Each structure stands twice: as C-alpha cells, then as structure tokens.
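Undergrad: Handing you a structure now.
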Amino acid sequence: MPPKQDKNPANVVDIASSDDEGGTGAEKRNSTPPNRPQSQSRPQANSSIAKTLESRSFWKAGAYDIGPTTSAPAQGQLEHARVHPKFLHSNATSHKWAFGAIAELLDNSVDEVSHGASFVKVDRIYNARDNSPALLFQDDGGGMDPESLRKCMSLGYSSKKTNTTIGQYGNGFKTSTMRLGADVIVFSRASSTSRATQSIGLLSYTFLRRTGQDDVIVPMVDFDVSDHWAEPIIYSSQDDWSTNLKIILEWSPFASNDDLMRQFEDIGSHGTKIIVYNLWLNDEGIFELNFDDDDEDIRLRDEASHGSWSKMHKKVRELQSHISYRIRYSLRAYASMLYLRKFTNFQIILRGKPVEQFNIADELKYPKVITYRPQLPMASKEVAVETTLGFIKEAPALGISGFNVYHKNRLIRPFWKVTADGSSKGNGVVGVLETNFIEPAHDKQDFERSSVYFRLEMRLKQMIMEYWRGHCHLIGHQPDGAKSKQNERAVQPPVVLSAKAQKAWSITSMWIQ
C-alpha cells in the first residue's frame, strides 16, 4: 500500500524546492501546480514567536532570533533543504547600494524588449492601507504565465540563457525587491495561442516574520481570462485557492478582491506590474529613497550636499554637478548611463518623464579608439574589444578619470579609476568599453576577480598612460608628468575652504577617485 499523503496545501511556492527545472507546461484547472510536489505541506504560524519587525532599517532587519523548527517531512517525502525567511534578508545584503537593486528590476524589463516591451515605468505610488510611499515598476513586455511567475519567485532558477540578457543567476528579483522594501506584490498578465492568464504573487518578509514561519512560502492566485472574465485556476482545491487569496488580501496593500483586480486594468493584454512596499528606512528613521527633493527623480541622500548650495565652494559644486558624481545619488542620472546602446523603441519612464540616455564617449575631447584582444582560455573564441578614450569636456578644470565598463550593454563599473591615487597622470581621461568576456558579480556592480579581470586592469592602465603621454599637451599638461599651475589648482582643495566645505570636498573626491 502506498504511503498516505497529506492533503494538498495552499498554492504556495517553497523557495527551497530544487525541482524548478521540471516544469509541467501549461497548467489545467484542478491540476497539480507547476514545479511543486503534491505532498508538500505548508508550515503553520507559530504564535509564540510571532512578532513585528523590530527595525525598519534594512541593515538591522535581519537581527532577530529564530524560533524552534517543529515541522517534519510528510510520510513518504524525502528531506529537502529549507530556506528560513531570514535568508531573504541576508540574501538581499548582496546589494550594498539601493540603485543597484533598482537596476536589477530595470534589467528584467529591458530583457522583455525581445517580447515587445516598449517601456518600463518607475514611480512612487502610495500604499492604500497607511498612505506610505511604495515603489512601482511596470512594463508592457510579454508578462508571466503561472509557471513563469513561480520560476521568478523561486531561488536560483533562470530561463535566461541567451547572449544578450544580463540576468542569469535566477536570484535578482528576490535580492533586489527585498533590498528595497520588506514586501513585494507582483501582477502579471500573459497570453499564448492556447489561453490568456493573469497571476498575482506575494513575497512578504513582514507576513513571514509576523506569522512566525520557518520556511519561505509565497501565496499566489491565478486566473484564466481567455473568455474575457477572470475564472480562478484551481490546482488542488477551492479552499486552498481561497486561503492564498485571503493571505494576499491581509498582507498586501489591497484589502478587497476588487482592489486586486483593478491593478490589471492598466496592464493591457500582457505585461507585469511590481509594487515594493514597506520601504526600508535609514538608521535615522528616514526613508532611504528620497522622493521629495525632485518630482522627476528618485534620489539617495547625499551627506556631502547638506547645507547651502550657494555657499558651497565653486570647485565642490562643479564636481558634484558632474555625471560621475550624480550617478551615485540620482536615479535619473544613473539610469541615463545604465545601458551602453541607445534604445530605438523602448523608454525608461521615471516619475512620468522619459530618461534621456547618455554616453559620455559622445562628448569626449580628442577621442581615440584602442582595440584590445584579451587572452582567454584555449577553448574560447578570440574577441576584440574596442575602447574609446578621450578627455572629458571639463578637462583640465576637473580631474575626473576612469573607465565605464559595460557587460552585455549594462553598466557594471562606472568611472573605474585604474591610475594611482595622488598622481596627475591620467587626470581628465575617461574611457568606455564593453567586456562580455568576463563575468559580473552577483550584484552586477563589479566583476569577478579572475585572471582575465586582472589582465584587463593592467591593460587599461597601459591604455590611459599611453593616451596621456600622447595627448596631455593638448589640455596644457607636460608629457613628462609635470603639473601646470592650472592643473594644480584643479586637483588641490583651495586653502580658503571652510571646515564644512573641506569635508564636502573630501567626500566628493573619495567617490570620484
């Protein structure tokens, strides 16, 4: 006699499951949900350890005690690796920078260009429950059917295997959304020749914490909309489907089924809407993302810019006005440089205004193109990388230098300074190149430290020195490295700066270097 199995649980995704590759294809009503064992049980809330989030600061939100784990595998079910909700937080700490997390979500929309996406909108909206700010991402790409949404919500699964997409690890959605806020809800609509569906999924750190869960579960509900009305897709039982809906209504910004359904009205026949809410605060209790200083931007708080702009020394103002500094604190500036090649039929719309793409190579003075052929493993094809070098238009007044290094069209390292600190050689020289032959780190803000990477770094140093020796006289420098008086004034902080201005200069210079 086969072992008795527990009643099928609510339609949730166990992020610890390792069977993501085994999708069942198009789901049918009253069928097993994709990528999920029938006998897997959902852990119940442990009221003895239920608690609210002790801190709304991201870097402190993982500091809590884990309660006892009491659940065991059902009879006939093998043990499997489980993921505690605390891992959602620790996993998200791979993003040290909030804009890096936003870039991950932009990448997902850009990858949808091949499925017809023409825009991605990024905006502030408000949580209807408490009127707190929330972050909206919406695109008109192909959307996700129920199976695809489950893969999106699962750790480590990625269906992106082409040479043009930046995503590959299957982890970006989870790390990026959890880095920006404690909770995220996803609405997606997709259509195929067989049917049209719309799905809702909730990944809520708040829900998992406050109900004392010791495994990561993601409630989802799906609808068949092929006949122009929303008919629930039932995988196990109506009770399980209703349980999922109840959890979503209790822990999302939307308190009724009508409120949920209204979220699909502006999606159209296909597309995805992501709402990140319960946004993280900084250590001072202020929202980490600043929506108030600029109605057309989302900013991070810049300690160096505190105080009166008019009283700030001219040189500090010039440095902080340059794109190399602004990308650190302005999402509009960062998004303008995020992709190397300009889109033809796609726009990033930030707070209602399209982002104008910018490539600093287009405005360099005395540009030169240098070809680099990296030494790769024997099995690899030989590649040639073209690097554009030149002086920034503000040279020699501003000593900004470095390489903007892209991977598969995506900016990975902005203004990578490879010259020695304190040396005037290379001041004002900026380069742009695309290196698809080395892999980016998981947060896509740096590259993996391989032998190919270190050889690239050495070659970039050679490039900038060779360019400097041949061109520095064009902006008033001496080829032997002697500094002109004009350049000395550009790179040294004036002695008349006040203590406050000196501090601003120091912070500014640290970032640009």
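Read-outs: derived from the displayed coordinates by stated rules, not from any lab. In this text the structure is predicted, and so the values were computed from the model without any measurement. Glycine also receives a Cβ, built like all others from the backbone with ideal geometry; neighbour counts cover every protein chain displayed.
Undergrad: For Ala134, enumerate residues with amide H under 5 Å from its amide H, sequence gap 5+ or separate chain, H modeled in the peptide plane.
TA: The list, which skips near neighbours in sequence, is Ile125, Tyr126, Asn127.
Undergrad: Search the structure for amide H atoms under 5 Å from the amide H of Phe119, placed 1.01 Å from N in the peptide plane, and list their residues when 5 or more places away or on another chain.
TA: Asp140, Gln347
Undergrad: Could I have the simple spin-label model distance between Glu439 and Arg129, label points 7 Å from Cα toward Cβ, reported in nm to one decimal?
TA: Between Glu439 and Arg129, the label points sit 3.9 nm apart.
Undergrad: Okay, moving on. Take the residue pairs Lys314/Lys368; Lys96/Lys425; Lys121/Lys408; Lys60/Lys342; Lys315/Lys425; Lys314/Lys444 and return only those whose Cα atoms are more than 28 Å apart.
TA: Lys314/Lys368; Lys96/Lys425; Lys60/Lys342; Lys314/Lys444
Undergrad: Of the options Pro219, Gly268, Phe254, report the single residue whose Cα projects farthest towards the positive end of the charge dipole of the range 219-310 (beta-carbon charges: Lys, Arg +1; Asp, Glu -1).
TA: The one lying farthest along the dipole's positive direction is Pro219.
Undergrad: Fully extended, how many nm does the chain gain between Ser226 and Ser256 (0.36 nm per residue separation, minus their Cα-Cα distance)?
TA: Value of the extension gain: 8.5 nm.
Undergrad: Under the rule of at least 5 residues apart or a separate chain, name every residue whose amide H is placed under 5 Å from the amide H of Val218.
TA: Hits under the 5 Å cutoff: Val13.
Undergrad: Still on this structure, I have one more. For the range 239-256, take each phi angle, set θ = phi - 60°, evaluate the Karplus expression 6.51 cos²θ - 1.76 cosθ + 1.60, and give the result in whole Hz per residue in order, putting x for glycine and proline.
TA: So the J values, rounded to whole Hz, are 4, 5, 4, 5, 5, 4, 4, 4, 4, 4, 5, 6, 10, 9, x, 10, 8, 9.
Undergrad: Under 1.5 on a/c is rounded, so check that first for the range 193-287, then, if it is not, pick prolate when a/b is larger than b/c and oblate when it is not; a ≥ b ≥ c are the square roots of the alpha carbon gyration tensor eigenvalues.
TA: Oblate.
Undergrad: May I ask you to list the GluC sites (Glu not before Pro) in the range 353-400 that are in a DSSP loop and have at most 11 other Cβ atoms within 10 Å of their Cβ?
TA: Glu356, Glu382
Undergrad: Residue by residue through the range 457-469, what is 3J(HN,Hα) from phi via Karplus (6.51 cos²θ - 1.76 cosθ + 1.60, θ = phi - 60°)? Round to whole Hz and write x for glycine and proline.
TA: 4, 5, 5, 5, 4, 5, 4, 5, 6, 5, 5, 4, 4
Undergrad: Ok, one more. Quick one: which of 140-150, 435-445, 405-415, 229-239 comes out on top by average Cβ neighbours within 10 Å, and what's the full order, highest first?
TA: Sorting 140-150, 435-445, 405-415, 229-239 by mean packing, highest first, produces 140-150, 405-415, 435-445, 229-239.
Undergrad: Over what distance in Å are the Cα centres of the range 339-385 and the range 311-337 separated?
TA: One Cα centre to the other: 21 Å.
Undergrad: By average Cβ neighbour count within 10 Å, what is the ranking of 269-278, 465-474 from highest down?
TA: Descending packing order for the listed peptides: 269-278, 465-474.
Undergrad: What are the extents of the Cα atoms of the range 237-378 along their three principal axes, listed from largest to smallest and rounded to whole Å?
TA: 69, 54, 33
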